[in-house]
1. Could you list, in sequence order, the residues of the stretch 82-111 that are within 17 Å of G226 (Cα to Cα) and either more than 20 Å from the chain's Cα centre (by Cα) or in a strand (DSSP E or B) (or both)?
2. Give V222, V175, V192 a once-over and let me know the one that is in the same structural domain as I33 (by TED's automatic domain parsing), open to solvent by less than 30 Å² (accessible area, probe 1.4 Å), in contact with a strand residue (DSSP E or B) (Cβ under 8 Å, 6 or more places away or on another chain) and within 11 Å of the ligand (Cβ to nearest atom).
3. Among the listed residues I375, I367, which satisfies the condition of being farther than 23 Å from L426 by Cα, in a strand (DSSP E or B) and open to solvent by 30 Å² or more (accessible area, probe 1.4 Å)?
4. Would you call R299 within 30 Å of G18 (Cβ to Cβ), of a type in the set (K, R) and in a strand (DSSP E or B)?
5. Can you tell which of T57, T77, T43 is over 20 Å from the mean Cα position of the chain (by Cα), open to solvent by less than 10 Å² (accessible area, probe 1.4 Å), modelled with pLDDT of 95 or more and not assigned by TED's automatic domain parsing to the domain that holds S405?
6. Does A182 count as buried (at least 18 other Cβ atoms within 10 Å of the Cβ), in a loop (DSSP other than H, G, I, E, B) and not acidic (D, E)?
7. Considering each residue of the stretch 154-179, count those that are farther than 22 Å from K227 by Cα, in a strand (DSSP E or B) and of a type outside the set (D, E, K, R), and give that number.
8. List every residue pair whose Cβ atoms lie under 6 Å apart, where the two residues are 6 or more positions apart in sequence or sit on different chains, the first residue falls within the stretch 91-114 and is more than 14 Å from the ligand (Cβ to nearest atom), and the second residue, located anywhere, is of a type in the set (F, W, Y).
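The values are calculated or read from the model by the stated rules, or taken from the named source; none is laboratory data. All figures in this text were calculated on a predicted structure; none of them were measured in a lab. Backbone-built Cβ (ideal geometry, glycine too); neighbour counts: all protein chains shown. We work out accessible area using only protein heavy atoms, side chains counted, and drop any ligands, DNA or RNA first. Shrake-Rupley method; radii C 1.70, N 1.55, O 1.52, S 1.80 Å.
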Amino acid sequence: MNNNNVIFRVFPGGTLHGVARVPGDKSISHRSIMLGSIAEGVTHITGFLEAEDCLSTMNAFRAMGVQIEGPEQGVVTVHGVGMHGLKAPNEPLYLGNSGTSMRLLSGLLAGQSFDAVLTGDSSLSRRPMKRVTDPLRQMGAVIKTSPNGTAPIRIRGSGPLEAIHYDMPIASAQVKSCLLLAGLYADGETGVTEPAPTRDHTERMLAGFGYPVKQVGNRITVCPGGKLVAADIDVPSDISSAAFFMVGAAIAENADLTLLHVGVNPTRTGVIDILRLMGANIEILNEQMVGGEPVADLRIRSSRLKGVQIPENLVPLAIDEFPVLFVAAACAVGETRLSGAAELRVKESDRIQVMADGLQSLGVHAIATPDGMVIQPRPIKGGKVDSHGDHRIAMSFAIASLRASGPIYINDCANVNTSFPTFVNLAKGLGLNIMVCTE
Ligand code: S3P
């Protein structure tokens, strides 16, 4: 880990032009290691995201006795140990900045016969974990957290869990996935009901590994007693990483960008829908199914954006893209309003407050509300902003330079490595004026 403060300096005058492939999908990469590890046989993964968050998941499974080769240019080989083959780790499993690792592993580990402790960095140690520990306790899991329900999470190995049906109070793919993974080790049918659709990569990948998953309406169920059979996984490019360049190409002058092999699972494409509502020129080309997930090439050209009221049903489908969508709104004509997105306050940072503060210091009229934001566009000035160690905030302000009148200095950017280590080089190659300094 690098303890230096990494600063991005971005300068006006850039554009985005060309053809690029952004790295692999983070959610799918995590799940490929988790399910590959508990499958029977050898799973071959290509397009794996070689970023800190996914490496945290990989290291956790290595610490539980799974032999994993790679990553080597996105290629990973997982020697599955079967559903009951994981071993007790010798030390706490350190999961860095990765909420997905912690919440999904909590479910998987609650069903094992050994004890485990999950820890994370200062951001992850502040994030709410009761949303997974409460339902897992209802299943009979023995779990301890800090008094306010945060990590470290201590999980005691116990017998089979009790199957429950859980009505999820929030739309969260992490909670759903946690409970489905725990449900593999329960004594009957475990079900979750979602208040709104969320990303369904766990369900798709379980099915791809031959494990039956049932969905009726918004209720998803699994039964114990099945097994996972190793499979080949081709991880599509991450639409959440593509989103920075989609917004960038929409707001920049003379931009024409094609992003290849992007995952366009309908539970992830809220960003396309919202940008199109705002008037963005986005074409979806070469749509095809790859290993159970839809992928496509996306062509985005300079667009005249208009402010919109963002439909609340799109919020869970674009949950990670709001920092950069706020930048799009700042460059539109007319006001944009977002509501129903209180979840943004408990991501890697409080993404509502941190984005509102940053946009305001660049001259944009951005007003934080308890569950969203109201943005009245103004010309973006140069200035200093702080990402608060949040990868997506850092990259969003880098994209804002495409419409800024002066340089923007973005503090605390090292965590871009958690999801998109090649961001700076890729962005530079496409025409963004970005420099990195450390202090
Ligand atoms: C994720 C689900 C989302 C998302 C996160 C990854 C996943 O979180 O924000 O980056 O891989 O399941 P929530 O399920 O908490 O909304």
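1. Within the stretch 82-111, G82, M83, H84, G85, L86, G111 qualify.
2. On the way: V222 fails: within 11 Å of the ligand (Cβ to nearest atom); V192 fails: within 11 Å of the ligand (Cβ to nearest atom).
From the options V222, V175, V192, the qualifying one is V175.
3. Working: I375 fails: open to solvent by 30 Å² or more (accessible area, probe 1.4 Å).
Going through I375, I367 in turn, the sole match is I367.
4. In short, yes.
5. Values: T57 fails: over 20 Å from the mean Cα position of the chain (by Cα); T77 fails: open to solvent by less than 10 Å² (accessible area, probe 1.4 Å).
Residue meeting the stated conditions: T43.
6. Values: buried (at least 18 other Cβ atoms within 10 Å of the Cβ): yes; in a loop (DSSP other than H, G, I, E, B): no; not acidic (D, E): yes.
For A182, the condition - buried (at least 18 other Cβ atoms within 10 Å of the Cβ), in a loop (DSSP other than H, G, I, E, B) and not acidic (D, E) - is not met.
7. The total comes to 2.
8. Partner pairs satisfying both residue conditions: G111/Y185.
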